[in-house]
Amino acid sequence: MGGKEDPNMIEKEEVEPPHERFSNVQGVSDDLEPKVKKYLRGDRADLEVVKDKRLKGQLEFREELHGQTAKNAAKAEKWLMPCEEGYLEAEGLEKTYRIKQESIITEVDILSSRKAFDIVLPDLGPYTVDYTSSGRHMVVAGRKGHVAIIDMKTMGLIRELQVRETVRDVAFLHNLEFFAVAQKKYPYIYNSHGTELHCLRDHAGGPLRLQFLKNHFLLVSINKYGQLRFIDTSTGVAVGYHRTGLGRCDVMEENPFNSITGLGHSCGKVTMWKPTYGAPLVKMLCHHGPVTAMAFHNGGHLMATAGMDRKIKLWDLRKFEVLRTFTGHAKSLDFSQKGLLASGNGSRVHIWRDSWGDQNYSLYMSHSMVKGYQVGKVAFQPYEDVLGLGHSMGISSILVPGSGEPNFDSWVANPYETSSQRREKEVHELLDKLPPESIDLDPKKIALPKPMRRKEKPSQKEREGEMEAAITAAKGIRLKKKTKGRNKPSKREKKKQEVLVKAKRPFLEENMKEEQSRKKQRIGDEEASLPKALQRFVRKKGAVI
């Protein structure tokens, strides 16, 4: 009659059992199949040999759950990461490093072809370059005081100024609005309008290199006397000051994985520093000559160094071992977001690629500048297949297919952010700023409990002081008054002596044990020093005479 439906029946029809909920994993489209295989945990287990029905059902459920997880991850990658990097591909006997920039520019689209340029400024060089974390803007600085900010999307000049001093390095701070310039005597901080905001007089001594640790808001500088300084740009407080003790240093890079600062010295050593520790965390001999360049991979476990001994080395920082050695000079090195390695020396630039993911780098591209250009700085533009070059005659950029990350996360780095988004992001970054103490070689150790330290043995003076304190405390003990005949002065004095002996006993026993151990060690050393022919007359342990 009426058309009423039982609500209990509706609930029973809507609910699916767990094993049926994940049974449609096999229905994967052809374009998703390679991505699903990437996220699967190996081949599917053979459950026919399992005799226990309960265990078999549990394993089947887990297999279906893993398959559904892989499918969801593949779908997320398809929709959230729609672009893939593209590399140069050679046909037949053709080599990718023989393909010239002119051939690449003619094959790419119009917008990409505009990213390759060559700006000649012969009177103000040599130049150095740096990019913002989003890759939208580039700051260039000439040795003779010329500083400029360029929008890499529109290729428009945002600001240009002349500081009328020698400029050795330049670095963006947390965003476009602020950048630091290493000038003749001190580092200076400017805003995007070209206004001088701060002169860091504590960083005196002729700064040679600058680095900015964006997760910690720390500006790092190294001067010609080998003095390393850290300053918090959000508060203006000096966080660390270290004397390297290895002379002049003009090679400095930051490890993006753990924010460790690496220095390359003229003695061939590479040292790694953190602001809150006065000595280097790592000191390793990398070259038999001055270190000329170094770079860290984004993964943090790979480092490239170049020296005057005509060698470029790749290091595994987990074992501190050499993975591969190339022959050649390099004035500057840089890793791209996808792991390509660029090296610049003289008028030539080489790009190396790890084709199979086993750190076996091979030559990928080669580019020759105009004869007479001396490349001083190479830097990959984030989220673009572009390599920026600072050289003696100005600045240039070349196209390097496959170097940049094709998909950007707008919460991390947004090339198209507005001014309001930039201000909001700045507030979030300040709230999420990490303390300098969190910088460590292995950042995963921060969340682990601190290991217990073995108690160090106290010195002789400390033991004597502890014994005197124990004797003084024992003398201050007041004895109870006892009944008649048991409270005689002689008995009270005897009781006091027993209390003093009891207080001294632990210290005397410890001294006796140390004396016995020293005696045994001395006897063992004397026996070992005997000639081999006389050692057979040494008394054996446990021997009865």
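The values are calculated or read from the model by the stated rules, or taken from the named source; none is laboratory data. Since the structure is predicted, the reported quantities are computational estimates derived from the model, not experimental observations. Glycine also receives a Cβ, built like all others from the backbone with ideal geometry; neighbour counts cover every protein chain displayed. Heavy atoms of the whole protein, side chains included, go into the accessibility calculation; ligands, DNA and RNA do not. Shrake-Rupley method; radii C 1.70, N 1.55, O 1.52, S 1.80 Å.
Among the residues of the stretch 271-320, how many are assigned to a strand (DSSP E or B) and not basic (Lys, Arg)?
Summing the residues that are assigned to a strand (DSSP E or B) and not basic (Lys, Arg) in the stretch 271-320 gives 22.
Which residues, taken from the stretch 38-78, are of a type in the set (A, V, I, L, M, F, W, C), open to solvent by less than 40 Å² (accessible area, probe 1.4 Å) and part of a helix (DSSP H, G or I)?
Matches in the stretch 38-78: Ala70, Ala73, Ala74.
If I ask for residues that are buried (at least 19 other Cβ atoms within 10 Å of the Cβ) and either touching a strand residue (DSSP E or B) at 6+ places or on another chain (Cβ under 9 Å) or within 23 Å of Met369 (Cβ to Cβ) (or both), which ones from the stretch 134-145 would you list?
Gly135, Arg136, His137, Met138, Val139, Val140, Ala141, Gly142
So, in the stretch 249-290, exactly how many residues are in contact with a His (Cβ under 7 Å, 6 or more places away or on another chain), open to solvent by 10 Å² or more (accessible area, probe 1.4 Å) and under 25 Å from Val170 (Cα atoms)?
Counting residues in the stretch 249-290 that are in contact with a His (Cβ under 7 Å, 6 or more places away or on another chain), open to solvent by 10 Å² or more (accessible area, probe 1.4 Å) and under 25 Å from Val170 (Cα atoms) gives 0.
Restricting attention to the stretch 487-531, which residues are open to solvent by 90 Å² or more (accessible area, probe 1.4 Å), acidic (Asp, Glu) and under 28 Å from Gly465 (Cβ atoms)?
Glu493, Glu498, Glu509, Glu515 - these are the residues of the stretch 487-531 that are open to solvent by 90 Å² or more (accessible area, probe 1.4 Å), acidic (Asp, Glu) and under 28 Å from Gly465 (Cβ atoms).
List the pairs whose first member sits in the stretch 82-107 and is farther than 17 Å from His350 by Cα and touching a residue at least 24 places away in the same chain (Cβ under 8 Å), whose second member is basic (Lys, Arg) and surrounded by 12 or more Cβ atoms within 10 Å (Cβ to Cβ), and whose Cβ atoms are under 7 Å apart, counting only residues at least 6 apart or on separate chains?
That search, which allows pairs on different chains as well, returns Glu85/Lys338.
Could you check, for the stretch 323-331, whether at least one of its residues is closer than 16 Å to Asp118 by Cα and either touching a Gly at 6+ places or on another chain (Cβ under 8 Å) or touching a residue at least 60 places away in the same chain (Cβ under 8 Å) (or both)?
Scanning the stretch 323-331 turns up no residue that is closer than 16 Å to Asp118 by Cα and either touching a Gly at 6+ places or on another chain (Cβ under 8 Å) or touching a residue at least 60 places away in the same chain (Cβ under 8 Å) (or both).
Across the stretch 124-133, what is the total count of residues that are open to solvent by 40 Å² or more (accessible area, probe 1.4 Å) and of a type in the set (S, T, N, Q)?
1
Looking at Tyr225 and the list (1) at pLDDT below 95; (2) in a strand (DSSP E or B); (3) aromatic (Phe, Trp, Tyr), which single condition is not satisfied?
All conditions are met except number (2).
Go through Gly372, Gly376, Gly357, Gly346 for me and flag whichever is at pLDDT below 95, under 22 Å from the mean Cα position of the chain (by Cα) and surrounded by fewer than 24 Cβ atoms within 10 Å (Cβ to Cβ).
Unique residue meeting the criteria: Gly357.
Count, please, the residues in the stretch 59-88 that happen to be of a type in the set (A, V, I, L, M, F, W, C), more than 30 Å from Glu48 (Cβ to Cβ) and modelled with pLDDT of 85 or more.
Final tally of qualifying residues: 1.
Answer with yes or no whether Gly262 is modelled with pLDDT of 95 or more, of a type in the set (Gly, Ala, Ser) and not in a loop (DSSP other than H, G, I, E, B).
Against the criterion (modelled with pLDDT of 95 or more, of a type in the set (Gly, Ala, Ser) and not in a loop (DSSP other than H, G, I, E, B)), Gly262 qualifies.
Which is open to solvent by 20 Å² or more (accessible area, probe 1.4 Å) and of a type in the set (Asp, Glu), of Asp409, Asp316?
Asp409
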